[in-house]
Amino acid sequence: MKILVTGGAGFIGSAFVRLSLAERAEVRIVNLDKLTYAGNLENLVSVAGDPRYRFIRGDVCDAELVDRLFVEERPEAVIHFAAESHVDRSILSPAPVFETNLRGTFTLLEAARRHGVGLFLQVSTDEVYGSIEPPAEAEESYPLRPSSPYSASKAGADLLALSYWTTYRVPVIVTRASNNYGPYQFPEKLIPLMISNALEDRPLPIYGDGLQVRDWLYVDDHCRALWAVLERGRRGEIYNIGGSCSLPNREVVRRILRATGKPESLMQSVADRPGHDRRYALSSAKVTTETGWRPQVGFESGLAATIRWYQENRDWVMRVKSGEYRDYYARNYENRETELGSLVR
């Protein structure tokens, strides 16, 4: 099978590429990635020389390039990871999320429609459901209530993809996963940020009271779920993919500090995120029933493996945290009160 992967140099995309080439001898992957701040070809050094792998630098919004790729490569499936994926960045600057997440998805869907692709997998997020009151869990029919520009753009992209199934019979499947973690994650999301700051004895910034609840999914488990849906999922359907591990953010941070041998005094409360969802919760019953997939990596072992990777790859962390990331970190954490004040005026 030849697969066009978009955003394959990002965290989840690169994990999917590495796992697929390692576990499936028959697969060939074409990776289209713009290489924005979170796209990193160092994540793919282990597969760079594999004859089953090809990298193309480019933008999913570039209709001419996308069309040419479909003509040249004739992919049997598209797995669409490419996205501006960070909520805080979407709050500070909303325009890029709508350009990439909506226009980029539209561009790919149009190419898939014209060229008759066998499957279009729209990789989405549990954030489209918004905050969920306990003890409820969102099933695939749960109302969409996105709270941020990022989650709104992903909800819109999901609906657009599903409309191409209804209207044009483009074979679309939408997956919505809970919070991913693991090696190679850019240190702006909670777990890699807290690990990297703890290893440097820097303050660990926690939004508000830190009691926001998230469900944690090890990235390789997510990738195997995508393969299960790719092979056994039904066209036109939505599949939730959760890790069955719900924890408050503050508890996750405490576990990281214990595992790294750092004091809890490093925890630092900062002004909360505007519109911050209190709780995400998914039911994965549908994907389990229909495909047989279940998460294999428990949070304790997954977190230990992730911390170990960051301890052993500090040079990687230092390289990705240089330059533009420093400016973003200062705006979002060090100068947070000033930035939030300017946003609401």
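The values are calculated or read from the model by the stated rules, or taken from the named source; none is laboratory data. Everything quoted here is computed from the prediction, not taken from an experiment. Methodologically, a virtual Cβ is constructed for each residue, glycine included, from the backbone with ideal geometry; neighbour enumeration extends over all protein chains shown.
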Of (1) surrounded by fewer than 23 Cβ atoms within 10 Å (Cβ to Cβ); (2) of a type outside the set (Asp, Glu); (3) not in a strand (DSSP E or B), ILE206 satisfies all except one. Which?
-> (3)
The condition from (1) surrounded by fewer than 19 Cβ atoms within 10 Å (Cβ to Cβ); (2) out of contact with any helix residue (DSSP H, G or I) (no Cβ under 6 Å at 6 or more places or on another chain) that HIS115 misses is numbered (2)
Any idea which of (1) in contact (Cβ under 8 Å) with a residue 24 or more places away in the chain; (2) surrounded by fewer than 20 Cβ atoms within 10 Å (Cβ to Cβ) is the one PRO96 doesn't satisfy?
-> (1)
Of the residues that sit in the range 61-93 and are over 22 Å from TRP165 (Cα atoms) and β-branched (Val, Ile, Thr), which one is surrounded by the most Cβ atoms within 10 Å (Cβ to Cβ)?
-> VAL87
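Here's the yes/no breakdown for (1) surrounded by 20 or more Cβ atoms within 10 Å (Cβ to Cβ); (2) over 21 Å from ALA281 (Cβ atoms); (3) among the aliphatic types (A, V, I, L, M); (4) free of Cβ contacts under 8 Å to residues at least 24 places away in the same chain:
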residue: ALA155; (1), (2), (3), (4): yes, no, yes, no
residue: VAL174; (1), (2), (3), (4): yes, no, yes, no
residue: ALA177; (1), (2), (3), (4): yes, no, yes, no
residue: ARG202; (1), (2), (3), (4): no, yes, no, no
residue: ASP220; (1), (2), (3), (4): yes, yes, no, no
Do any helices (runs of 4 or more DSSP H) entirely within the range 1-103 hold 1 or more residues that are modelled with pLDDT under 95 and within 21 Å of the chain's Cα centre (by Cα), and if so, which?
-> 87-92, 95-98
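I'd like to know if the range 116-128 contains one or more residues that are outside any strand (DSSP E or B) and aromatic (Phe, Trp, Tyr).
So the first thing to find is which residues in the range 116-128 are outside any strand (DSSP E or B), and the list is 116-118, 126-128.
In the following step, the residues that additionally are aromatic (Phe, Trp, Tyr) were identified as none.
No, because not a single residue in the range 116-128 is outside any strand (DSSP E or B) and aromatic (Phe, Trp, Tyr).
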Kindly indicate whether any position in the range 132-142 is part of a strand (DSSP E or B), within 19 Å of the chain's Cα centre (by Cα) and either crowded, with 22+ Cβ neighbours inside 10 Å or at pLDDT 95 or above (or both).
-> yes
Close pairs from the range 123-152: first of a type in the set (Lys, Arg), partner in a loop (DSSP other than H, G, I, E, B) and surrounded by fewer than 17 Cβ atoms within 10 Å (Cβ to Cβ), Cβ under 8 Å, at least 6 apart | ARG145/SER131
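From the set of residues in the range 262-304 that are charged (D, E, K, R) and under 18 Å from GLU139 (Cβ atoms), which is surrounded by the fewest Cβ atoms within 10 Å (Cβ to Cβ)? Walk me through it before giving the result.
First, the residues of the range 262-304 that are charged (D, E, K, R): 262, 264, 272-273, 277-279, 286, 290, 294, 300.
Right, trim to under 18 Å from GLU139 (Cβ atoms) and you get 277, 279, 286, 290, 294.
Working: ASP277: 21, ARG279: 17, LYS286: 18, GLU290: 15, ARG294: 13.
By that ranking, first place goes to ARG294.
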Is it the case that some residue within the range 162-169 is in a loop (DSSP other than H, G, I, E, B), crowded, with 21+ Cβ neighbours inside 10 Å and either over 15 Å from the mean Cα position of the chain (by Cα) or among the polar types (S, T, N, Q) (or both)?
-> no
Go through TRP227, TRP216 for me and flag whichever is aromatic (Phe, Trp, Tyr), at pLDDT 95 or above and assigned to a strand (DSSP E or B).
-> TRP216
Within the range 276-307, the residues that are in a loop (DSSP other than H, G, I, E, B), out of contact with any Gly (no Cβ under 8 Å at 6 or more places or on another chain) and of a type outside the set (A, V, I, L, M, F, W, C) are ARG278, TYR280, GLY292, ARG294, GLN296, GLY298
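Yes or no: the range 190-209 includes at least one residue that is hydroxyl-bearing (Ser, Thr, Tyr) and under 18 Å from ASN313 (Cβ atoms). Break it down stepwise before answering.
Restricting attention to the range 190-209, the residues satisfying the condition of being hydroxyl-bearing (Ser, Thr, Tyr) are 196, 207.
Still in the running and under 18 Å from ASN313 (Cβ atoms): 196.
Yes, the range 190-209 contains at least one residue that is hydroxyl-bearing (Ser, Thr, Tyr) and under 18 Å from ASN313 (Cβ atoms).
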If you take the residues in the range 228-245 that are crowded, with 20+ Cβ neighbours inside 10 Å and of a type outside the set (A, V, I, L, M, F, W, C), which one is nearest to ARG24 (Cα to Cα)?
-> GLY233
